1. Would you confirm whether or not region 150-164 contains a residue that is touching a helix residue (DSSP H, G or I) at 6+ places or on another chain (Cβ under 7 Å), within 23 Å of residue 298 (Cα to Cα) and within 16 Å of ligand 1 (Cβ to nearest atom)?
2. For region 172-193, state whether one or more residues are within 22 Å of the chain's Cα centre (by Cα), exposed (fewer than 15 other Cβ atoms within 10 Å of the Cβ) and at pLDDT 95 or above.
3. Has region 253-269 got any residue that is free of Cβ contacts under 8 Å to residues at least 12 places away in the same chain, out of contact with any strand residue (DSSP E or B) (no Cβ under 6 Å at 6 or more places or on another chain), more than 13 Å from ligand 2 (Cβ to nearest atom) and more than 19 Å from residue 176 (Cα to Cα)?
4. Residues being more than 15 Å from ligand 1 (Cβ to nearest atom) and not in a strand (DSSP E or B): count how many of those fall in region 42-71.
5. Hey, could you check region 240-269 for residues that are in a loop (DSSP other than H, G, I, E, B) and within 16 Å of ligand 1 (Cβ to nearest atom) and say which is surrounded by the most Cβ atoms within 10 Å (Cβ to Cβ)?
6. Looking at 235, 162, 229 in this structure, which one is more than 24 Å from residue 97 (Cβ to Cβ) and under 16 Å from the mean Cα position of the chain (by Cα)?
7. Does at least one position in region 178-194 carry a residue that is closer than 29 Å to residue 309 by Cα and within 16 Å of ligand 1 (Cβ to nearest atom)?
8. In region 118-136, which residue that is in a loop (DSSP other than H, G, I, E, B) and surrounded by fewer than 21 Cβ atoms within 10 Å (Cβ to Cβ) is nearest to ligand 1 (Cβ to nearest atom)?
Ligand code: CIZ
Ligand code: SF4
């Protein structure tokens, strides 16, 4: 495997040779973000995947995101640098589990966060992301019970924002639930001029302290546009790379987590992807995301509904 500058060039050569597009999430390692054709959050990447006319999508993110790309654009070959790039939210909510929950609540609608696998999507009535969840929930019929899966923290936050009661699946993101309210409160005391910004996957005590709560894209825009010059950032630390590019003169401090031996909040699933693995997956076109066509069509329905409602 080539290294350094040669590795970057080799990936660019493969991209041309195979008419590939590289899509990367903001939580990816910095080198991967820098080589990507499109960088985005899960909603933006789903939109890019749907629209691309490349023959191959090299998806640098986690498995459920690459699956969403395949669901939206099935004629393209979708490859993922590391098939083990999972997600605690997706792994904790199976399609079968959701089906059982529906049986327990006859007549309920199921709104599911995009952080879930294809089987789980197929059991859902509508998919949401953190950028469109509030709008979508407000647009759903009010006279039926509503189940929200799999993130209970995002679910709780949405109940507060929309005033709508929801039945919550008991899942969480291991990265966002690791933030420590006590340690963050100390950080705020040490930096009285800083604003705390947080992703709604974080737990309630952290959200209660936050000056601003928003999706990945909303947090990026906020840091860029807000008049404050110092921010304590409670979300996956990979996003600091793009924040620094957009707001080079601002001070960005990663929010502290419970584990005192570690000073940042990395999603270890996201970081399984490396430049070497990106090179290999493009060269050998493996591992590839494949999906049963019936499952794909079922999973597509609630995603299309989301895209329609969040235009
Ligand atoms: O995986 C995540 O935690 C998030 C917030 C993804 C996204 O881009 O919405
Ligand atoms: Fe899943 Fe959390 Fe990692 Fe996002 S940050 S991919 S929600 S484990």
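The values are calculated or read from the model by the stated rules, or taken from the named source; none is laboratory data. The structure displayed is predicted, hence computed values, not measured ones. Every residue, glycine among them, receives a Cβ derived from its backbone with ideal geometry; neighbour counts consider all protein chains shown.
1. Within region 150-164, one or more residues are touching a helix residue (DSSP H, G or I) at 6+ places or on another chain (Cβ under 7 Å), within 23 Å of residue 298 (Cα to Cα) and within 16 Å of ligand 1 (Cβ to nearest atom).
2. no
3. no
4. Residues in region 42-71 being more than 15 Å from ligand 1 (Cβ to nearest atom) and not in a strand (DSSP E or B): 8 in total.
5. Residue satisfying both the conditions and the ranking: 255.
6. Values: 162 fails: under 16 Å from the mean Cα position of the chain (by Cα); 229 fails: under 16 Å from the mean Cα position of the chain (by Cα).
Of the residues listed, the single one that is more than 24 Å from residue 97 (Cβ to Cβ) and under 16 Å from the mean Cα position of the chain (by Cα) is 235.
7. No: region 178-194 contains no residue that is closer than 29 Å to residue 309 by Cα and within 16 Å of ligand 1 (Cβ to nearest atom).
8. It comes out as 131.
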